[in-house]
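Let me begin by presenting the structure, written as structure tokens, before commenting on it.
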Amino acid sequence: MGSLCRIVNVSEGVGKDRMNALKTKGVDTVMSTIVLKAGIYDSAESIIELGSDAVSLGLKWCASLGLLSLYEEVKAETGADNRMFVRKAERAGFENIHKLFTKLSENGAVPAFIKIDTDVFNEIQGITLSFEEQTRMINACINAVKAVNPACKVILATKDSCDNEKAKKWFNRFQVSGGKPFDIISLSYILDAETFYDLSMNMSDLSRRFEADIIVDISEQENVSEAEIGLEDLDSAIAIVPLDRGFGTVYSDKGLDEATLVA
């Protein structure tokens, strides 16, 4: 794959000057979380500004879809009625994302990537969803994005970076349940010498099994420069993922102030 993708997780209010500074450090993509709520497309000015600034600097933009707030709004309306909740959550996800991305497109701020956290369903209190129901809700989000920008790459993120059995079970079930195609698997990880081998094996297996590129997300890492595993070690492990499917790394904005990216 050649050089690895350098992604930095930034806040929505990040300034253009800061993004330019990140670019000079070797960053090529910024990622921000869009906290989805009903009608978000009517108050999307700050989202549009961030996306437009990134594009104008020659950076790519990854929109991380924060779905929990939207689903909680739906649950407040439907209560614990699973069937009604899933139906309305599907519709709310599609409509709000589609209208938001249409507005982004009209303003030249279409993300190159979207990220969906697969663990969001564990955070919805009072609702137990079958895997087929989870898949329907994810599909609605992907369909909404693809209807506006078919070229947008889909990232599915998991916290099971070192548990291969659990991770592959989830992605297997997603595909069997009719999950829409995705491009990249993101593995949330804290740099640790004791689990680094497990991470490496998981990257290799998931990339081959699901024909997906791999990102390692260390944006929750504190004191990157003091970690037992260095960024050079992480880059090397990602670079040797089979079939050239090692895609890159996600860093925190603060973390890059304390660390040097390997050329």
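Its residue count N sets the reference 2.2 N^0.38 Å, and the alpha-carbon radius of gyration of segment 201-263 equals 1.16 times that reference.
Which one of 101, 164, 191 has its Cα pushed farthest toward the positive end of the charge dipole of segment 100-208, where Lys and Arg give +1 and Asp and Glu give -1 at the Cβ? Positive-end residue among those listed: 101. For residue 9, the residues whose modelled amide H falls within less than 5 Å of its own, excluding neighbours fewer than 5 places apart on the same chain, are 31, 251, 252, 253. Classify segment 63-183 as rounded, prolate or oblate from the Cα gyration tensor: take a ≥ b ≥ c as the square roots of its eigenvalues, call it rounded if a/c is under 1.5, otherwise prolate when a/b beats b/c and oblate if not. Because a/c hits 1.5 or more and a/b fails to exceed b/c, segment 63-183 counts as oblate. Sorted largest first, the spans of the alpha carbon positions of segment 1-42 along the three principal axes are 40, 27, 13 Å. Just so you know, the Rg over Rh for segment 1-70 is 1.01, from Cα atoms, with Rh as the Kirkwood radius.
Taking the inverse of the mean 1/r over every pair of distinct Cα atoms in the chain gives a Kirkwood hydrodynamic radius of 18.9 Å.
Take the Cβ atoms of residue 38 and residue 151, set R0 to 41 Å, and the FRET efficiency comes out at 0.90. Rolling a 1.4 Å probe across the protein heavy atoms gives segment 202-242 an accessible surface of 45 Å² per residue. Computing FRET efficiency as 1/(1 + (r/R0)^6) for residue 87 and residue 163, where r is the C-beta to C-beta distance and R0 is 30 Å, gives about 0.40. Using alpha carbons only, the radius of gyration of segment 138-263 set against its Kirkwood radius gives Rg/Rh = 0.99.
Note on the chain: helix-only mean residue ellipticity at 222 nm, from DSSP H runs of 4+ residues weighted -39500 (n - 2.57) and normalised by residue number, equals -14000 deg cm²/dmol. Report, to the nearest whole %, how much of the accessible area of segment 116-250 belongs to carbon and sulfur atoms, 1.4 Å probe, protein only. Percent of accessible area from carbon and sulfur atoms in segment 116-250: 44.
Of the residues 14, 27, 55, the one whose Cα sits farthest towards the positive end of the charge dipole of segment 4-68 is 27 (charges of +1 on Lys and Arg Cβ, -1 on Asp and Glu Cβ, taken about the Cα centre).
Less than 5 angstrom separates the built amide H of residue 60 from those of 29, 30, all sequence-distant by 5 or more or on a different chain. Solvent exposure of segment 42-97, expressed per residue, is 45 Å² of accessible area, with all protein chains present and a 1.4 angstrom probe.
Full extension of the chain between residue 183 and residue 222 gives 11.2 nm of extra length, using 0.36 nm per residue less the Cα-Cα distance. A straight Cα-to-Cα reach below 19 Å connects residue 25 with the lysines 16, 60, 254, residues fewer than 8 places away in its own chain not being considered. Net charge dipole, the chain: roughly 1180 debye, given to the nearest 20, about the Cα centre with Cβ charges of +1 for Lys and Arg and -1 for Asp and Glu. Under 5 Å from the amide H of residue 35 lie the amide H atoms of 66, each residue being 5 or more positions distant or on a separate chain, with H modelled from the backbone and absent for Pro and chain starts.
A Cα-only calculation for segment 89-154 places Rg and Dmax at 12.8, 39 Å.
Using only the C-alpha atoms, the convex hull of segment 1-139 corresponds to 117 Å³ per residue.
The values are calculated or read from the model by the stated rules, or taken from the named source; none is laboratory data. Since the structure is predicted, the reported quantities are computational estimates derived from the model, not experimental observations. Backbone-built Cβ (ideal geometry, glycine too); neighbour counts: all protein chains shown. Please note that ligands, DNA and RNA were not included when accessible areas were found on the heavy atoms of the full protein model with its side chains. Shrake-Rupley method; radii C 1.70, N 1.55, O 1.52, S 1.80 Å.
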